[in-house]
Protein chains: 2
Amino acid sequence: MEDQFIKTATLIGDATRASILWNLLDGRAFTATELAVAVETSAQNISMHLGKLLEADLISVEKQGRHKYYRFSNKEVAYAVEAMVNLIPKPKVAVKKKSEEYPPIKYCRTCYDHLAGKIGVALADSLLEQKIIIEANGVFEISSEGIKWFSEFGINIEEAQKQKRIFLKPCLDWSERRNHIAGSVGAMLLNKMITEDWVRRIKDSRAVTITGKGEKELLRYFKIVV
Amino acid sequence: MEDQFIKTATLIGDATRASILWNLLDGRAFTATELAVAVETSAQNISMHLGKLLEADLISVEKQGRHKYYRFSNKEVAYAVEAMVNLIPKPKVAVKKKSEEYPPIKYCRTCYDHLAGKIGVALADSLLEQKIIIEANGVFEISSEGIKWFSEFGINIEEAQKQKRIFLKPCLDWSERRNHIAGSVGAMLLNKMITEDWVRRIKDSRAVTITGKGEKELLRYFKIVV
DNA sequence: TTCATAGTTAAATACAGACTGAACTATTCA
DNA sequence: TGAATAGTTCAGTCTGTATTTAACTATGAA
């Protein structure tokens, strides 16, 4: 078992491959060339590295015409990468200047398939404050009023519960060091916001941008001032 | 941020350091020499690697006389390592022979600070069946009868809830691919079993062995046949 | 058909970073 | 006090593996 672990660790622990994983972290699929650009290396090199990640089943491919789209092959990979992100040493004394603490909130990160960053945390806060979600002993659950709220919001909670994947879980955010909402509920929330055009994905980035409509609705539903 | 991630990844992704982390995974502290033996390398080399892990704050030291004890500096490290263990490719078709599926259950693994492996899963199953712990939407919580049960068992749940660390959470076991009980409740259970001499840690190993007393008590409390 | 783009494969090279050897300090024990 | 054990530091060597150079196949567009 140990040597298998070492194999996996050394696989992840190459600078180029780590960069690939980093770029795939938001859950989208990229072509080999896109990754080569993002990682700043040659096509041949990317090809070799993708081959290794593929063989270990950390990523999977889908062929579309002459393109090949690469993405994480499962959630565990994203979780492992996120867990490693959490190990990044915290900035020393970090006396942040309040004024330029972060880039404008309009640009917010996604974490695999759910909202993260400042807005992810704000969303979690709001849902907690509205008692739509309640926290008990470090885990999140949905209150009975919450179920009603979600259905009015256009998300079928019963549906989500049927899914095999983890339903709802707190996800520690590395930039905010606070919890936001992961699991299928987190994914459905993001999904809904995208289809309603509250937010849009920015090409080739983990960020999303908030639309004018999103701005209003976020205020209305969650009292989040963008 | 990306380059910091890459630094962390390459730090973990060296064979020797990965082996060190593997050995520290059960939560105990080891001296530099012990680790050198376990990892099968020289003292100088271990010293260098420990230095690097230390600098990144993945591990911490405690000096005791002329010995230095190394351990994970926080839970996040253990979680990240566990998450990586989960990425180990599953055995192909794996037609396991029932007879020799696993080494005798008397030898069971610990995972950082709680019971894992076959017995960890059996324990979780029993607590769930007895409705001491209930599962809802992928998370565990303790029932009101459960709280009573724990206090009779000699574990003060209110105490555990006060702790900052995660109280109770399912932890996917890589060998069983099923959940066992992690978090402070998991730790307290293991702790209680050790102080009551149901199980004993085996020197230099992640395994514990079940005592005669433990055998009886596990049957009595949890209907686990060892 | 021909050209451009996407991606792969193979051999040759280069280099970062692990490891070794030797000399050092610090603590315990006799 | 000396001898043994625990651990560190540093300069030099060595090697695994990433990268480059080059030649290849496959798909789509003109």
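The values are calculated or read from the model by the stated rules, or taken from the named source; none is laboratory data. Every value quoted in this text rests on a predicted model; they were computed, and no experiment measured them. All Cβ positions, even for glycine, are placed from backbone atoms using ideal geometry, and neighbour counts span all protein chains on display. In case anyone asks, the SASA skips ligands and DNA or RNA and just uses the protein heavy atoms, side chains included. Shrake-Rupley method; radii C 1.70, N 1.55, O 1.52, S 1.80 Å.
Details
- Members of the range B:51-76 that are over 22 Å from B:Phe5 (Cβ atoms), near DNA strand D (Cβ under 10 Å from one of its atoms) and either touching a residue at least 24 places away in the same chain (Cβ under 8 Å) or within 14 Å of chain A (Cβ to nearest Cβ) (or both): B:His67, B:Lys68, B:Tyr69, B:Tyr70
- Any hit, the range A:47-57, residues being within 12 Å of DNA strand C (Cβ to nearest atom) and over 30 Å from B:Val39 (Cβ atoms): yes
- Within the set A:Gly13, A:Gly27, the sole residue that is touching a helix residue (DSSP H, G or I) at 6+ places or on another chain (Cβ under 9 Å), at pLDDT below 80 and not assigned by TED's automatic domain parsing to the domain that holds A:Ile210 turns out to be A:Gly27.
Listed here are the residues, each with its yes/no results for (1) among the aliphatic types (A, V, I, L, M); (2) more than 30 Å from A:Val225 (Cα to Cα); (3) modelled with pLDDT of 50 or more.
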{"position": "A:Val61", "(1), (2), (3)": "yes, yes, yes"}
{"position": "A:Gln64", "(1), (2), (3)": "no, yes, yes"}
{"position": "A:Phe72", "(1), (2), (3)": "no, yes, yes"}
{"position": "A:Val81", "(1), (2), (3)": "yes, yes, yes"}
{"position": "A:Met84", "(1), (2), (3)": "yes, yes, yes"}
{"position": "A:Pro103", "(1), (2), (3)": "no, no, no"}
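- Strands (runs of 3 or more DSSP E) fully within the range A:154-226 counting 3 or more residues that are at pLDDT 70 or above: A:199-201, A:207-210
- The selection criterion, being touching a residue at least 40 places away in the same chain (Cβ under 8 Å) and either within 13 Å of B:Glu2 (Cα to Cα) or open to solvent by 10 Å² or more (accessible area, probe 1.4 Å) (or both), holds for A:Gly27.
- Here is the figure for the range A:15-37: residues that are more than 10 Å from DNA strand C (Cβ to nearest atom) and within 7 Å of chain B (Cβ to nearest Cβ) total 3.
- Criterion: in contact with a Phe, Trp or Tyr (Cβ under 7 Å, 6 or more places away or on another chain) and outside the structural domain of A:Arg201 (by TED's automatic domain parsing) - qualifying residue of A:Leu53, A:Leu35: A:Leu35
- Selection status of A:Ile88, open to solvent by less than 70 Å² (accessible area, probe 1.4 Å), in a loop (DSSP other than H, G, I, E, B), at pLDDT 75 or above and within 12 Å of chain B (Cβ to nearest Cβ): yes
- Scan the range B:11-24 for residues that are open to solvent by 20 Å² or more (accessible area, probe 1.4 Å) and within 16 Å of B:Val77 (Cβ to Cβ) and the total you get is 5.
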